[in-house]
Amino acid sequence: MKIFLDTANTDEVRKFLDAGLIDGITTNPTLIANSGRNLFEVIRELAEMVNGPISAEVTATDWQGMVAEGHKLAKISKYVAVKVPLTFDGLKACHILSKENTMVNVTLCFSATQALLAAKAGATFISPFVGRLDDISISGMKIIEEICNIYAQYPSIHTQVLVASVRHPLHVVEAAQLGADVVTIPTKVLEQMLKHPLTDRGLDSFLQDWKTTGQSIL
Ligand code: E4P
C-alpha cells in the first residue's frame, strides 16, 4: 500500500521523504489555508521534492472552471494530480482531464455508488473520507470494503482507492487489510504508527546494558 502525506507543510514532507516513508502528497484548500502560503508556490516546491503524485485541488464549481484550473495546476509538474469534488461537474471535469492524460483525484467521496461513477469518469484516484463518515456514525471502512470489492470485480477499472480523512493508525491497518491502494495520512498519524512503548523500553534497556560493557562500535 502506498502512503501519501496529507499536508501542505513542506518541512514535514522533507522529513518523512528523506526516510523513504512516503510515496506522494495530498493537499486541499483547508491545508493550503493552514499553511499560510501560496498554492502554486507550495505545489511547485512539493513537485521538486517528491517523485510521486501530488494532489492539488480546484476551487471552481463548474466543469469549465475546474478544467481551466486543472490545466493551470497540471502545468506545474507531471506529478500533479488535479483534485476535483465528487459532483456532476467534478466528474465531467475528471473525464476531460483524464482523457488528456492528466492524473485526477476525485475527492469528497462518501459512498460506493459515487466511487463507481468516478471510476467510470476515468479517475486515477478516488478519495473516500473515512473519518468524516465515522463522525456521523457511518462506518468509513465499510465503504472502503465495498469500493475495493466492487473495483476488484472489474479488471477494466484502474482507479486507485485512496483512503482519506484518516484519523488514527487503526484506519491505516484496516485500509491495508482491505487492500486499499493508497492511504493519505496527517503527520501526526504517521508518527503514531511509528511509536510503540515496548520499542522505547527495549531500546532503553539495551543501551543501559551496552554501557556496562565499556565498548564502542566506532
Ligand atoms: C485528503 O485528500 C483529504 O482532503 C483529507 O484527508 C481530508 O481530511 P479531514 O477529513 O481530516 O479534513
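The values are calculated or read from the model by the stated rules, or taken from the named source; none is laboratory data. What you see is a predicted model, and the numbers here were worked out from it, not measured in a lab. With ideal geometry, Cβ positions are generated from the backbone for all residues, glycine too; neighbour counts draw on all protein chains shown. All accessible areas refer to the heavy atoms of the entire protein, side chains included, with ligands and DNA or RNA removed. Shrake-Rupley method; radii C 1.70, N 1.55, O 1.52, S 1.80 Å.
In region 104-113 there is at least one residue matching the filter, namely being open to solvent by less than 20 Å² (accessible area, probe 1.4 Å), closer than 18 Å to Asp181 by Cα and away from the ligand (no atom under 14 Å from the Cβ).
Scanning region 36-57 for residues that are over 19 Å from Leu190 (Cα atoms), surrounded by fewer than 20 Cβ atoms within 10 Å (Cβ to Cβ) and not aliphatic (A, V, I, L, M) returns Gly36, Arg37, Asn38, Phe40, Glu41, Arg44, Glu45, Glu48, Asn51.
For region 115-129, taking the residues that are farther than 16 Å from Met141 by Cβ and free of Cβ contacts under 8 Å to residues at least 40 places away in the same chain, the one that is most open to solvent (accessible area, probe 1.4 Å) is identified as Lys120.
Give me the residue from region 178-195 that is charged (D, E, K, R) and in a loop (DSSP other than H, G, I, E, B) and, out of that set, nearest to the ligand (Cβ to nearest atom).
The initial filter retains those residues of region 178-195 that are charged (D, E, K, R), namely 181, 188, 191, 195.
After this cut, where a residue has to be in a loop (DSSP other than H, G, I, E, B) as well, the list is 181, 195.
Values: Asp181: 14, Lys195: 20 Å.
Among those residues, the one meeting the criterion is Asp181.
Regarding region 81-97, can at least one residue be identified that is under 17 Å from Val182 (Cα atoms) and in a loop (DSSP other than H, G, I, E, B)? Before the answer, list the steps.
Narrowing region 81-97 to residues under 17 Å from Val182 (Cα atoms): 81-83.
Filter once more, so that each one left must be in a loop (DSSP other than H, G, I, E, B): none.
Checking region 81-97: not a single residue is under 17 Å from Val182 (Cα atoms) and in a loop (DSSP other than H, G, I, E, B).
Looking at Ile126, is it part of a strand (DSSP E or B) and on the phi < 0 side of the Ramachandran plot? It would help to see each step written out before you state the result.
Numbers: part of a strand (DSSP E or B): yes; on the phi < 0 side of the Ramachandran plot: yes.
Judged against the criteria, Ile126 is a match.
Taken together, Leu178, Leu170, Leu194 contain a single residue that is over 23 Å from Ala81 (Cα atoms), touching an Asp or Glu at 6+ places or on another chain (Cβ under 7 Å) and surrounded by 10 or more Cβ atoms within 10 Å (Cβ to Cβ), which is Leu178.
Looking at region 72-89, which of its residues are within 16 Å of the ligand (Cβ to nearest atom) and closer than 15 Å to Asn51 by Cα? Reasoning before the result, please.
Pass one, region 72-89, residues within 16 Å of the ligand (Cβ to nearest atom): 73, 79-87.
Residues satisfying the conditions are Tyr79, Val80, Ala81.
Selection of region 75-87 for residues being hydrophobic (A, V, I, L, M, F, W, C) and open to solvent by 30 Å² or more (accessible area, probe 1.4 Å) yields only Ile76.
State yes or no: is Ser55 in a strand (DSSP E or B) and closer than 24 Å to Tyr151 by Cα? Explain how you work it out, then say what you get.
Numbers: in a strand (DSSP E or B): yes; closer than 24 Å to Tyr151 by Cα: yes.
Judged against the criteria, Ser55 is a match.
Of the residues Ala60, Ala19, Ala8, which is free of Cβ contacts under 8 Å to residues at least 60 places away in the same chain and buried (at least 22 other Cβ atoms within 10 Å of the Cβ)? Give the steps one after another, and end with the answer.
On the way: Ala60 fails: buried (at least 22 other Cβ atoms within 10 Å of the Cβ); Ala19 fails: buried (at least 22 other Cβ atoms within 10 Å of the Cβ).
Ala8 is the lone residue from the list that is free of Cβ contacts under 8 Å to residues at least 60 places away in the same chain and buried (at least 22 other Cβ atoms within 10 Å of the Cβ).
Residues in region 66-80 that are β-branched (Val, Ile, Thr) and either under 21 Å from Glu45 (Cα atoms) or not in a helix (DSSP H, G or I) (or both): Ile76, Val80. Restricting region 155-167 to residues that are assigned to a strand (DSSP E or B) and buried (at least 22 other Cβ atoms within 10 Å of the Cβ), the residue that is farthest from the ligand (Cβ to nearest atom) is Val161.
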